[in-house]
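Read through the structure below, which is laid out as structure tokens, and then see the notes.
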Amino acid sequence: MSQIIDIKITGFDGIKNALNQLPIELQRKAISVSVRAGANFLKEEIKNQFPKKPSKMANLYGHLKDNIAVRFSKKKSRAMGALIYELHPGKAFWAWMLEYGTKAHDITPKKAKALTVLGKFLSEVKVKGISARPIWRNTFDTKLNAIFMTIKNKFYSELPKAAKKLGFKGGYKIEGGTPIPTDIFGE
């Protein structure tokens, strides 16, 4: 179950002004690297919230904290006209059960007469359910300012690197804490 969080960023006027002065391929490169840095920062913060205890699930699929990954969603990015990076629990399918909780329910066999659970034959299994433990969302909410600062700092440090890599010449001057490209278009 995936949840999209739509965020309107304010206070990034300096980045917006710098971007408007750059060629499109330089904009994409600097933004992509910056947003990925913010997603990786969030990933590390979420990983710090989970214990690394031995369990049956960890033996089969690995610890939840080791499975968390940042993925670029090309399909969703194209559809929405934005850069979409997703934090994904990988093989740890139970991550969403922990985040959102589960309700109590009964499991009955559909075609067979019994279910096999831990080597026992049962005609019905009653599942108690668990209460939600929203670690992902709470971490996002509490670290939002730090995520934005990570994105902003990475953007400012990435601009000169991206420009050099793409073959643009020129430098940057700092005005009010914002790097403004000079001679980027060969002027």
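Derivation of every value follows stated rules applied to the coordinates shown; laboratory data play no part. Values in this document were obtained by computation on a predicted structure and should not be read as measured data. Neighbour counts run over all protein chains shown; Cβ positions are idealised from the backbone, glycine included.
Worth pointing out:
- Test for Ala92: is it surrounded by 14 or more Cβ atoms within 10 Å (Cβ to Cβ) and more than 14 Å from the chain's Cα centre (by Cα): yes
- None of Ala146, Ala163 is in contact (Cβ under 8 Å) with a residue 40 or more places away in the chain, farther than 19 Å from Lys16 by Cβ and aliphatic (A, V, I, L, M) except Ala146.
- Residues within the stretch 96-109 that are in contact with a strand residue (DSSP E or B) (Cβ under 9 Å, 6 or more places away or on another chain) and within 18 Å of Asn138 (Cβ to Cβ), tallied: 3
- Conditions (1) more than 30 Å from Glu25 (Cα to Cα); (2) free of Cβ contacts under 8 Å to residues at least 24 places away in the same chain; (3) touching a Leu at 6+ places or on another chain (Cβ under 7 Å); (4) of a type outside the set (Phe, Trp, Tyr): number failed by Arg133: (2)
- Residues located in the stretch 44-60, provided they are in a loop (DSSP other than H, G, I, E, B) and in contact (Cβ under 8 Å) with a residue 40 or more places away in the chain: Gln49, Phe50
- Subset of the stretch 99-153 that is among the aliphatic types (A, V, I, L, M) and in a loop (DSSP other than H, G, I, E, B) - its residue that is nearest to the chain's Cα centre (by Cα): Ala132
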